[in-house]
Each structure stands twice: as C-alpha cells, then as structure tokens.
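**Q** Have a look at the structure that comes next, please.
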Amino acid sequence: MNPLKKIKDWIARGKAGWHLAGGRSSLKQGKYKEALKEFRKALKASPNDPEILHYNAMTLLKLKRPEKALKCYEKILKNNPKLAEAWNNKGVVLKELKRYDEALECYGRALQIDPQDDGTWNNKGALLDTIGKPEKAIECYEKALEINQKNAKAWNNKGVVLEELKRYDEALECYEKALEINLENDETWANKGVLLRKLGKYEEALECFEKALEINPEFADAWEWKGIILEDLKKPEEALKCYEKALKLNPQDKTLWYMQGKTLQKLGKHQKAKKSYKKALKIDPEYKKAKKALKELQMKG
C-alpha cells in the first residue's frame, strides 16, 4: 500500500472513531438529532463501517425514519452478506414498516447464519404473533429460552402470547420469570398488572402499575391502566389524576380523552366531561363512543 494512503486511512479511522463515540454518547442521552450529526460525520470518514451504519440506523429509527434506517442495513449487507446481526436488524426495520413477509425472510437468513442467536428467535416470535400465528410464536420463544434461559424479553413475550390464548396461569409464570431476571422492566410489570386485573386481583395489579411508574414515570400506558384499576376500586378522583398524567404524555389518545370524560361525568362535572368528549372527537370525528356520550350529556342539558 502507498505509505501516504496508509496514513490517510489511519487518520480517517481515527476521525470516524471519535465521531462514533460522540454519537453513541448523544444516543444514550436521548439527543437523537445530535447523535445523527455525529454518525454522519463518522460515515463521511468511513462510509462502509458496519458499526457506524448500525448506530446511524438505530438513531434514524428513534427519529421515526425507518426507510432511511433500512438503507443503512442494506448497505451493511451488501458488503457483509454473512453478518447475522445485520439480517436480524433489517428484519426489525421491515417489521416497523409492516413489510412482514420480508421481515420474516430476514430473520430466516439471520438464523441460517447463526441458529444460536436467542435475540433473533425472540424477534421472529414477536413477528409471528403480530401476523396472527401465536402457536408458532411460542415455539420461537421456547427456542430462544432453550438457548438462553436468562432472556427476560423472551419470557415477557411468551407471557403476552399465552395471555392472548387465555392460558393465564402460564402467562403469569412467564412474567414472574422475566421479573426474576430483570426487576427493572417497566413493560413486564405493566403486563403482569393487566393480567392480574383480568384475574380480579385489583390491589396486586395496582402494585404492578405503581412499580412500572416508579421505574418509568413517563410510561403513559401505565398511567392509563393505573387509572382503570382505581376506577375498579371505586376511586374516581384518583383515577382522574392518572388520566391527566397520561394525557400530558399522550395528548393524541382519543380513548384517554373519552375515559377522562366518563370519569368526570361520574363525578358530576358535566361541562368538563363535554370538553373531554369534544377533545376525543377532534382527534377522531367518527369516534362512536365519544359521540354517543356527548349526545347523551347534551340532551341532559
């Protein structure tokens, strides 16, 4: 190699590494636009580096730009067609784009290269559940757990499918297994809470949602479910506070506005209830439940 080219390559690799580190730091802090700028600079210095392309794709996904993320993985695979991780990640992006057959094909390619990757088996299971094949999804989760008994995501996801199949005792066991491995998983606490509510165990369910919110106070769904449980426990004033929290985090959720309206109506706050129903209808003018509730209130005067 020409000595001058060798020096230039070495400098480029150094620049790329510097910007990669900066991008990863910004990504970890949730500063996605800053991260993207750093990864772009890194790619300018080293345009085919699979690690930089991967982090660039992850950031693009966070910024809701899956089509561009897909191009990153396609570029990686063009140069590294035997990289199982890239096939798996391409599958994740295709699932996001609802291109399910292509995603399934990518997971298949990844597993041909590395059949012992429990993460890919887990992702394949999640996709099969999405496309309405719960039994096949369970097979994938069991394969993931055969490879790695400590895969908390696979335990959680297996629990979700078993719950869909109304195999509640088995589902609860899976959630508990997942939490034994990772007590800090807000999603699993919430899933366990939803299941316990189905089983009529309201106080235990409430504890689960409180735990989820202790871990992640920005978890809108957990605030919503906590509100629902408090309604079950005949505590509408407390439920209302939860819906308000959820709506601050997710103001475009028509169901939340409707539920807030119903609770306000129960408390005799009819004018405020009307406003909530109108908010729901502003998001979806054809929302039948909100239409009906608003009409009934207007008839009462």
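The values are calculated or read from the model by the stated rules, or taken from the named source; none is laboratory data. Please read these numbers as outputs of a predicted model, since none were measured by experiment. Cβ sites come from the backbone with ideal geometry, for glycine too, and all protein chains shown count toward neighbours.
**Q** With respect to TYR141, is the statement that it is within 19 Å of the chain's Cα centre (by Cα), crowded, with 23+ Cβ neighbours inside 10 Å and over 24 Å from LYS98 (Cα atoms) true? Write out each step before concluding.
**A** On the way: within 19 Å of the chain's Cα centre (by Cα): yes; crowded, with 23+ Cβ neighbours inside 10 Å: yes; over 24 Å from LYS98 (Cα atoms): no.
So TYR141 fails the test.
**Q** Tell me the residue from GLU163, GLU218 that is outside any helix (DSSP H, G or I) and outside the structural domain of ALA137 (by the TED database), please.
**A** Only one candidate passes the filter, namely GLU218.
**Q** Now for a separate question. Scan segment 178-191 residue by residue and report those that are charged (D, E, K, R) and touching a residue at least 24 places away in the same chain (Cβ under 8 Å).
**A** Going through segment 178-191, the residues charged (D, E, K, R) turn out to be 180, 184, 186-187.
Answer for segment 178-191, where residues must be charged (D, E, K, R) and touching a residue at least 24 places away in the same chain (Cβ under 8 Å): GLU184, ASP186, GLU187.
**Q** Using the structure shown, decide if ALA273 is in contact with an Asp or Glu (Cβ under 9 Å, 6 or more places away or on another chain) and part of a helix (DSSP H, G or I).
**A** Working: in contact with an Asp or Glu (Cβ under 9 Å, 6 or more places away or on another chain): no; part of a helix (DSSP H, G or I): yes.
Here the answer is no, as ALA273 does not meet what is asked.
**Q** Oh, and also: Is one or more of the residues making up segment 170-182 of a type in the set (S, T, N, Q) and farther than 20 Å from ASP232 by Cβ?
**A** Pass one, segment 170-182, residues of a type in the set (S, T, N, Q): 182.
Narrowing further to those that are farther than 20 Å from ASP232 by Cβ: 182.
Checked against the condition, which is being of a type in the set (S, T, N, Q) and farther than 20 Å from ASP232 by Cβ, segment 170-182 yields at least one hit.
**Q** Can you give me the ranges of the helices (runs of 4 or more DSSP H) entirely in segment 24-109 with at least 1 residues that are modelled with pLDDT of 95 or more and either aliphatic (A, V, I, L, M) or in contact with a strand residue (DSSP E or B) (Cβ under 6 Å, 6 or more places away or on another chain) (or both)? Spell out the reasoning first.
**A** Working: elements: 32-45, 50-62, 66-79, 84-96.
It comes to 66-79, 84-96.
**Q** Could I ask something else about it? Output yes when any residue across segment 124-132 is of a type outside the set (A, V, I, L, M), touching a Leu at 6+ places or on another chain (Cβ under 9 Å), farther than 20 Å from GLU67 by Cβ and in the same structural domain as LYS82 (by the TED database), and no when none is.
**A** Filtering segment 124-132 for residues of a type outside the set (A, V, I, L, M) gives 124-125, 129-130, 132.
Pick out the ones that are also touching a Leu at 6+ places or on another chain (Cβ under 9 Å) and you get 124.
Now restrict to residues that are farther than 20 Å from GLU67 by Cβ: 124.
Now restrict to residues that are in the same structural domain as LYS82 (by the TED database): 124.
Yes - at least one qualifying residue is present in segment 124-132.
**Q** Still on this structure, please answer the following. Would you be able to say whether some residue in segment 228-243 is within 26 Å of ALA154 (Cα to Cα) and aromatic (Phe, Trp, Tyr)?
**A** No, every residue in segment 228-243 fails to be within 26 Å of ALA154 (Cα to Cα) and aromatic (Phe, Trp, Tyr).
**Q** Please enumerate the residues belonging to segment 278-301 that are more than 33 Å from the chain's Cα centre (by Cα) and of a type in the set (D, E, K, R).
**A** Across segment 278-301, the qualifying residues are LYS295, GLU296, LYS300.
**Q** Within the group LYS75, LYS64, LYS90, LYS28, which residue is surrounded by fewer than 16 Cβ atoms within 10 Å (Cβ to Cβ), under 28 Å from GLY125 (Cα atoms) and either in the same structural domain as GLY119 (by the TED database) or in contact (Cβ under 8 Å) with a residue 60 or more places away in the chain (or both)?
**A** Values: LYS75 fails: surrounded by fewer than 16 Cβ atoms within 10 Å (Cβ to Cβ); LYS90 fails: surrounded by fewer than 16 Cβ atoms within 10 Å (Cβ to Cβ); LYS28 fails: either in the same structural domain as GLY119 (by the TED database) or in contact (Cβ under 8 Å) with a residue 60 or more places away in the chain (or both).
Every option except LYS64 fails the conditions.
**Q** Residue under question is ALA293, and the condition is that it be under 20 Å from ASP232 (Cβ atoms) and either touching a helix residue (DSSP H, G or I) at 6+ places or on another chain (Cβ under 7 Å) or not basic (Lys, Arg) (or both); does it hold? Can you show your working first?
**A** Values: under 20 Å from ASP232 (Cβ atoms): yes; either touching a helix residue (DSSP H, G or I) at 6+ places or on another chain (Cβ under 7 Å) or not basic (Lys, Arg) (or both): yes.
Yes.
**Q** Among what's in segment 232-285 and is hydroxyl-bearing (Ser, Thr, Tyr) and over 14 Å from ASP221 (Cα atoms), pick the residue that is surrounded by the most Cβ atoms within 10 Å (Cβ to Cβ). Steps first, answer last, please.
**A** If we filter segment 232-285 for residues that are hydroxyl-bearing (Ser, Thr, Tyr), which is where we start, we get 243, 255, 258, 263, 276-277.
Right, trim to over 14 Å from ASP221 (Cα atoms) and you get 258, 263, 276-277.
On the way: TYR258: 24, THR263: 22, SER276: 25, TYR277: 28.
Top of the filtered list is TYR277.
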